[in-house]
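All remarks here apply to the structure that follows.
The values are calculated or read from the model by the stated rules, or taken from the named source; none is laboratory data. Predicted model, so just to flag it, every value in this text is computed and none were measured. Here the Cβ positions follow ideal geometry from the backbone for every residue, glycine too, while neighbour counts run over all protein chains shown.
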Amino acid sequence: MNWLKKTLDFGQKIKRLLKKRPSRQDMEASDWTSCCKGPVLKKDLEDNLWVCADCYKHHRINPIQRFDLLFGKGNYQVLKTPIPPDDPLNFTDSKSYKERLKSARKKTGLNCSMVVADGSINNIRLTAIASDFNYMGASMGAAEGEAFLFAAQHSIKNQQPLLVVASGGGMKMQESIISLNQMTRTTLAINELKTNKLPYIVLFSDPVAGGITASYAMLGDIHIAEPGALIAFAGRRVIEGTVKEELPENFQKSEHVQDCGFVDTIIPRKDLPEKIGILLSILLNKKSEIKEDNSDKAPENNIENREAS
């Protein structure tokens, strides 16, 4: 029976090889991605601002794509932010933190997960921050903290609002207390913005979790979210295990978080520039020019003329 068992085992190995799924690298290099109805061309998603036309899912986009959407292509300046020394704690798990940083930089072309830009919406200059989830899950470390502080200082120096597109899985465990300290630093920076009476707007994009939710993401003057974005602190399974009950299906989605009062409004991606522009105009008391229409006054003038005659 040994020969039969070996034959069956060999057959199972072949079956597993034939069913082997493509790697993440293969998917990223492909012209296709997956959504509700299976494979979909990335070009079709890109033409629709990376929003699925069938299920309305808002797919993740990188900082440059985000700035192109908000400001228009070529209508903004990416600012160079300070980069502190890598790997302050010489952290190593299955591989060193330096190797992980090197891999993330090669993958994204960024020095850290946060990118800062200066642009304008509705003729209002503002500073914007966006994160790339492909850079170690957009988790925060010293470099991201420096980028945030740089953006806040740039806003204060130029007396312009700060818009943060919040995204990421929390703080970097590889930097331990140094990463946790960024929660305090970003909070202090936001307090300085508010002392200078500058608007601070937070846009939640999928996903926002952990220490990011517990710090700068929940301190905005106005909280906007994209449809279906995950907004959480602890994971769903952790909470269900703690409270010993099943949670609603849309728990931690932006729609549910809005119902709970932590999000002010949900805006589809295509409407973000217009709506953010209106909000900035209101917050900064920028009155739009209203042309006087004399046609409404004409009847009154005619009545007055008739009475005078």
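Considering segment 243-281, and only residues there that are under 15 Å from the mean Cα position of the chain (by Cα) and charged (D, E, K, R), the residue that is farthest from GLN65 (Cα to Cα) turns out to be LYS253. Scanning segment 194-221 for residues that are surrounded by 21 or more Cβ atoms within 10 Å (Cβ to Cβ) and over 28 Å from MET136 (Cα atoms) yields LEU198, PRO199. Considering segment 36-58, the residues that are touching a Ser or Thr at 6+ places or on another chain (Cβ under 9 Å) and more than 12 Å from PRO268 (Cα to Cα) include one that is surrounded by the most Cβ atoms within 10 Å (Cβ to Cβ), namely LEU45. On the given criteria, is ILE156 under 20 Å from LEU280 (Cβ atoms) and in contact with a Phe, Trp or Tyr (Cβ under 9 Å, 6 or more places away or on another chain)? When the stated conditions are applied, ILE156 does not pass them. Considering each of SER205, SER167 in turn, give the residue that is touching an Asp or Glu at 6+ places or on another chain (Cβ under 6 Å), outside any helix (DSSP H, G or I) and either of a type in the set (A, V, I, L, M, F, W, C) or modelled with pLDDT of 95 or more (or both). Going through SER205, SER167 in turn, the sole match is SER205. Scanning segment 132-184 for residues that are aliphatic (A, V, I, L, M), at positive phi and in contact with a strand residue (DSSP E or B) (Cβ under 7 Å, 6 or more places away or on another chain) yields one hit, ALA138. When segment 216-250 is filtered for residues that are without any contact (Cβ under 8 Å) to a residue 40 or more places away in the chain, in contact with a strand residue (DSSP E or B) (Cβ under 8 Å, 6 or more places away or on another chain) and within 30 Å of THR195 (Cα to Cα), the ones remaining, listed by number, are LEU219, ILE231, ALA232. Inspection of segment 176-196 identifies no residue that is part of a strand (DSSP E or B) and not acidic (Asp, Glu).
Considering the conditions (1) touching a residue at least 24 places away in the same chain (Cβ under 8 Å); (2) surrounded by fewer than 14 Cβ atoms within 10 Å (Cβ to Cβ), MET114 is excluded by exactly one of them, (2). Comparison of SER103, SER96, SER113 shows that the only residue that is in contact with a helix residue (DSSP H, G or I) (Cβ under 6 Å, 6 or more places away or on another chain) and modelled with pLDDT of 90 or more is SER113.
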